[in-house]
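Read-outs: derived from the displayed coordinates by stated rules, not from any lab. Fair warning: this is a prediction, and the values are worked out from it, not measured in the lab. Cβ coordinates were reconstructed from backbone atoms using ideal geometry, including for glycine residues, and neighbour counts include every protein chain displayed.
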Amino acid sequence: MDADVIVIGAGLAGLQCARHLTRAGLTVRVLEASDAVGGRVRTDLVDGFRCDRGFQVLNPAYPAVKQDVDIRALRMRSLGRGVAVREQDGLTVLADPTRHPSFAVQTLRGPYVRSGELRELAAWAVPALGPVKWLLAAPDSTLAESLDAAGLDGPLRTLLERFITGVVLEDEGSTSAAFVRLLVRSFAFGAPGVPEEGMGALPAQLATTLARPVELGRRVTSVAPAGGGWAVEADDGALLTAPAAVVAADPVSAAHLTDEPAPDMKGCVTWWFAADEPPTDLPFLFLDATRAGPVVNTAVMSNAAPSYAPAGRHLVQATALLPAATRASATVPSEADVRIHLSAIYGRDTTGWEVVTVHRVERALPVQSPPLQVRQRVHLGNGLYVAGDHRDTASIQGAMVSGRRAARAVLRRLRPR
Ligand SMILES: Cc1cc2nc3c(=O)[nH]c(=O)nc-3n(C[C@H](O)[C@H](O)[C@H](O)COP(=O)(O)OP(=O)(O)OC[C@H]3O[C@@H](n4cnc5c(N)ncnc54)[C@H](O)[C@@H]3O)c2cc1C
């Protein structure tokens, strides 16, 4: 046999799984199809700009991150604890007054705090702040149904929905309310940000703890039982065997390699623009409550993380949803529409901004409909395992947890004592 365990895929789930197995003393080989580790969490360096492959943030409050990531070494740059919201009649900043006291008056006098929905919002949010066990045990519904049930129907609901749309990548409110509450919990307890060197620094850190480098450019084409273990074949002709194999590929590839069903996936597209002048000095995420265009959120990344742009330049991200395969009537947003929408959001001319790159991610997140099913089966039988965000929650936390769970399940089989 070539190793104790072969891990297929070096995204966060595969890396987490491999490092826990390595730590337990097993020999592990990790085969990765692409040219670097990270999977959906990668950063491209383009002309000195750091462009993550689709805008995303790391929340230091995720339990798996707290447990397994040296967050200090990532030198996190926070997007602040607040949002700037484009209204019909101007821009409103809503920020945590304890962190951003200069916005306290604007926040407290703004339309959201005054909307009379605070009690309803609190009722909706209470389960998010209590024990996770209770949250997961309670009946689940869609986000829209849960907001209706809480009686939220004014500006605060619009704001919450606009914010969550950019996180769950759908705007119909069809995502599990329990999942959204888990996300809200992590936002309540942590200030999301990006590592100084880009989101790719997270998987890069996890990879440094492996005993053997990840084998890049090896796309696995089949995983089949062989001699009491598993034979893993790659497209370069390599054929490796091991008593256990962990399929930590993305959800759709994992379904091809196993008999598990593939979940539906949601997509997004992020434009990265270079600007000579920043359209704002704020590090916050910008949302548009008027829904005047396709952008679900935008931010001047270099305000939060100056390392994202070369000296004297500024980097703006703008993210829009990709239409679901089931919504044939929806169109993919055009760059012209995005520029017009950004002009409206920031109140600035964007025609001089240069496109640094565009990341179109068709399979960004697995759909998470109610009832939320966390901790899905990772052992498919006879030493074949599966890991990935589709086994837990569609997030960095979910991917990391599933990798660790798969590692524990492997250890129970290979190292029962
Ligand atoms: C644009 C975007 C924004 C996001 N924003 C956030 C956010 O703000 N916060 C958050 O918590 N989460 C966010 N997420 C979700 C999070 O990034 C993912 O849930 C997580 O990275 C999934 O990790 P994974 O290891 O399960 O899968 P993946 O990252 O998909 O890793 C799978 C790996 O397997 C490899 N592979 C596939 N097939 C094969 C094969 N046949 N052989 C060998 N290797 C193979 C792939 O190349 C890949 O490296 C976002 C995701 C995207 C795309």
ask   = Any idea what angle helix 396-414 forms with the longest principal axis of the chain, computed on alpha-carbon atoms, 0 to 90 degrees, nearest 10?
value = 20
task = Determine the equivalent ellipsoid of the range 362-417 by diagonalising the alpha-carbon gyration tensor, then write out the semi-axes as square roots of 5 times the eigenvalues, largest first, rounded to whole Å.
result = 23, 11, 10
note = If one builds a Gaussian network model of the chain from Cα atoms under 10 Å apart, the most fluctuating residue listed among Pro139, Pro251, Pro195 is Pro139
key: Potential lengthening between Arg413 and Arg75 on full extension [0.36 nm per residue; Cα-Cα distance subtracted]   = 117.9 nm
Most fluctuating residue given options Leu91, Leu143, Leu342, as computed from a GNM of the chain linking Cα atoms under 10 Å = Leu91
ask   = Which trypsin sites (Lys or Arg not before Pro) in the range 1-77 pass both tests, a DSSP loop state and at most 14 other beta-carbon atoms within 10 Å?
value = Arg75
